[in-house]
Amino acid sequence: MQKVYSVGQVNAYIKNMFVQDFVLNRISVRGEVSNCKYHTSGHIYFSLKDSAGAMACVMFASARKGLAFRLSDGQQVVVQGSVSVYERDGRYQLYAQTIRQDGAGILYERYLRLKEELEEMGMFAPEYKKEIPAYVSRLGVVTAPTGAAVRDIINIARRRNPGIQIILYPAKVQGEGAAESVAEGIQTLDSLGVDVIIAGRGGGSIEDLWAFNEELVARAIFGCGTPLISAVGHETDVTIADFVADLRAPTPSAAAELAVADMSAVVSRLSEYGRRISRSFEYRLESAKQRKQQMMMRLRYVSPTQKLWEMQQRLAEDEDRLRRGMNERLGQEKHRLEVYIEKLKGLSPLEKLSSGYSVAAVPGQGRVWTVKQVKAGDPLRVYLSDGYIESRAETVFPAAPEGFEKGEADGEDRGKGKNPGGRVSGTGENSLGAGR
C-alpha cells in the first residue's frame, strides 16, 4: 500500500528543496510592483508581475535598509533575495533583501544619493538663498534656443514688461554634454551682470531632465552670484537644480512671472499710492492749519505782544474814560466857578459901584463905615464906578435922611445926576461898606 503524507510534511519537504537550491537562495527578479502594502509591523507585502505571470514577495522590517525609495505600484524594480515556501499557506514567495529601481529606477537612485550628499554639504540651506529682485531690467535665460519653454519665457516677460532686456544663452538641455552646456550658460550670464537668471527646460522623462540632476550643474548654481530661478519640466518634476536654486518655479512660464514684475500693475499701484499720498498730504495740511489756528489763538493769550496790545487798548480806554471824566469834572467845576463868580459879583464892591452905590472915605483915614467917623467940615472922597469926587461934609446926621429908606434919594438923585449937598451918601448898612 502506498505511503500517505500529511500536508505539513509535504510543505516542509518542498521548503527543504528550496533551501537546498543554490539559485533560489540568492536570486534577482525583475518585474512590475503591484498590490504593494506597508504593514503596521514595518513589513512590506507586494507582488512582482510581468506578461508571463506573478509571484508573491515580502520585505521584512529588518531588511528595509535595503530600500532607498518608497515602493509603489507600477514601478519597475529588480528584487534580490531568496525564494522559499511559507509552510502555513503552502505557497512560495520571494523574500526581498534589496530592491532597486530598474532602468529609470537606477537614475532615481543616483538622484537620491546625490541629493543626500549635497544636502549634507549644506547646498540646500536657506541661508544661502538670494532674494529675487522686485524689478528686473536685464533677464538672463539658460535653455534650449527652440521649443515651448523659451517662447513662453520671452512672451510672458515682454508682456509683463515691454522694456525688459532678455539675454538668452542657447544651451543643450538633453543628452551627452547637456550638463556642461547648462553649467557654462549659468557662469556666462553670471559674468554679464544680469539681474536674474532663469535656468530650465520643458517637461520630459527623468532621462530627459537628467542634466539638471548632475552635480556639475548643482555646483554652478550654488556658485552663481546672480539670483537664479530653476524652471525644469512640469510642476510634478523635481530636480537637484530645484533644491540648489534660490527659487523654484513649477514651469518656465511661472518662472517668467516670478522674475518679471507686471509693469501695468506697478503703474496702477503707483497711481493708487500717489492718490493715497495726496489725500494724506491734504489731510495733514488741513490738520496742520487747524493746529496753527489753535496755536495762534492760544498764543494770543500768552504772547507778550498780545498782552502789550491788550494793555495799550485798556490804557487807551482808561485814557478815554479819564478824559471824559476830566471834561465832565471840568464842566462841573466850571459851572461851580460860574456860580461862585456870580456870587462874588454880588459881593464885589465894584459890582455895587456899578449898580449905583458909592463909597465914602476920609482921605488918610480910609473908608467911612459910620457917621461917627465924620464931623462937619471934614473932607470926604466919594468913590463911584467911574471915578471919585472930592467933597466936604457939611452936616452929619446920625440917622438916614428923610426919604432915603424909601429910595427917593437913590432914584431921584441918580436920575438927576446929583448928590445931596455934600452929605454922606448913606449909612453903612446901605453902602458898599455894609459888606465888610
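The values are calculated or read from the model by the stated rules, or taken from the named source; none is laboratory data. Nothing here was measured: the structure is a model prediction, and the numbers come from that model. With ideal geometry, Cβ positions are generated from the backbone for all residues, glycine too; neighbour counts draw on all protein chains shown. Side chains included, ligands, DNA and RNA excluded: accessible areas come from the protein's heavy atoms. Shrake-Rupley method; radii C 1.70, N 1.55, O 1.52, S 1.80 Å.
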**Q.** Top-ranked residue in segment 34-83 [being open to solvent by less than 40 Å² (accessible area, probe 1.4 Å) and in a loop (DSSP other than H, G, I, E, B); ranked as modelled with the lowest pLDDT]
**A.** Phe69
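Output the residue which, of all residues in segment 163-187 that are open to solvent by 50 Å² or more (accessible area, probe 1.4 Å) and not acidic (Asp, Glu), is nearest to Ile221 (Cα to Cα).
Gln187
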(Q) Here is a list: Lys307, Lys352. Which entry is touching a residue at least 24 places away in the same chain (Cβ under 8 Å), basic (Lys, Arg) and surrounded by 11 or more Cβ atoms within 10 Å (Cβ to Cβ)? (A) Lys352
Q. Is there a residue in segment 355-378 that is more than 30 Å from Val396 (Cα to Cα) and of a type outside the set (A, V, I, L, M, F, W, C)?
A. no
Q: Tell me which residues, restricted to segment 108-149, are under 44 Å from the mean Cα position of the chain (by Cα), free of Cβ contacts under 8 Å to residues at least 60 places away in the same chain and within 19 Å of Ile186 (Cβ to Cβ).
A: Arg138, Val141, Val142
Q | Of residues in segment 84-96 being touching a residue at least 24 places away in the same chain (Cβ under 8 Å) and in contact with a Phe, Trp or Tyr (Cβ under 9 Å, 6 or more places away or on another chain), the one surrounded by the most Cβ atoms within 10 Å (Cβ to Cβ) | A | Ala96
Q | Residue that is modelled with the lowest pLDDT [pool: residues in segment 192-222 that are among the small types (Gly, Ala, Ser) and over 41 Å from the mean Cα position of the chain (by Cα)] | A | Ser205
Q: Check segment 268-276 and report whether any residue there is under 24 Å from the mean Cα position of the chain (by Cα), polar (S, T, N, Q) and surrounded by 11 or more Cβ atoms within 10 Å (Cβ to Cβ).
A: yes
Q.
I'd like the residue in segment 289-304 that is of a type outside the set (D, E, K, R) and in contact with a helix residue (DSSP H, G or I) (Cβ under 9 Å, 6 or more places away or on another chain) and, out of all such residues, is least open to solvent (accessible area, probe 1.4 Å).
A. Ser303
Q) With (1) open to solvent by less than 90 Å² (accessible area, probe 1.4 Å); (2) within 30 Å of Glu390 (Cα to Cα) as the list, and Leu344 as the residue in question, which single condition is left unmet? A) (1)
Q. Which of (1) open to solvent by 100 Å² or more (accessible area, probe 1.4 Å); (2) within 30 Å of Ile154 (Cβ to Cβ) is the odd one out, the single condition Glu328 does not satisfy?
A. (2)
